[in-house]
Amino acid sequence: MEILSYSGFLTKDGHFRLVGEVKNNKAINITNVRIKIELFDSNGNLIRAEEQGIELAVLLSGRKSPFAFMTTNKTEATLIENYNVELIGYEQSFEEKAQELEIIWHAQGNVSIYGRIDNTGFEESHFTRVLATFYDENREVIEVSASPIFSLSPADDYIFEIFFSKDIAE
């Protein structure tokens, strides 16, 4: 397991948001991936430390998953000058995730990604999310967003649109 990249920014609303991505470089599927996020002020003093999971519940071998964190405490957010993210744990998953959902096509608009996902399997899919990870020109993660799908029956499709909502304060 490795953390590929992460970045943080102050939003227009005065919140601090941190986004990033991990990769499963193991030969096994993993679950319960936990990361630790530490936020520091300009003197290197720890403001806050949080532990959380990543976006995907099961991370297949060779796959990537984004993560996102936000603090809504505006006073705290203005003090953040530096941050660190570290991987603190994961477990082997013995659950075989069915690869029966397929993105048939996708395209990029000015502020969104849209496309079609098909359920090519024989079981209904519940509480599915199509995730989008947005990168800058250096392949650093700059935003994570999702389109929820409540239910998708076998042989059905769903047209999704995921908006790029990065609202960095200027």
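The values are calculated or read from the model by the stated rules, or taken from the named source; none is laboratory data. This is a predicted model, so every value here is computed, not measured. Neighbour counts are summed over all protein chains in view; Cβ atoms, including those assigned to glycine, are modelled from backbone coordinates with ideal geometry. All accessible areas refer to the heavy atoms of the entire protein, side chains included, with ligands and DNA or RNA removed. Shrake-Rupley method; radii C 1.70, N 1.55, O 1.52, S 1.80 Å.
When each of the peptides 25-35, 64-74 is scored by the mean number of other C-beta atoms lying within 10 Å of its residues, the order from highest to lowest reads 64-74, 25-35.
Over segment 78-133, the pair-distance histogram of Cα-Cα distances with 10 Å bins from zero comes to 14, 30, 27, 24, 6, 0 percent, rounded to whole numbers. Structural size metrics of segment 1-101, computed from C-alpha coordinates, are Rg and Dmax of 15.3, 50 Å. Per residue, what accessible area does segment 13-115 have, given a 1.4 Å probe and all protein chains present, in Å²? That works out to 57 Å² per residue. Rounded, prolate or oblate: which one fits the chain, using the alpha carbon gyration tensor with axes a ≥ b ≥ c (rounded when a/c is under 1.5, else prolate when a/b beats b/c, else oblate)? Cα axes put the chain in the oblate bin.
For segment 1-58, relative contact order (Cα pairs under 8 Å, six or more residues apart, normalised by length) works out to 27 percent.
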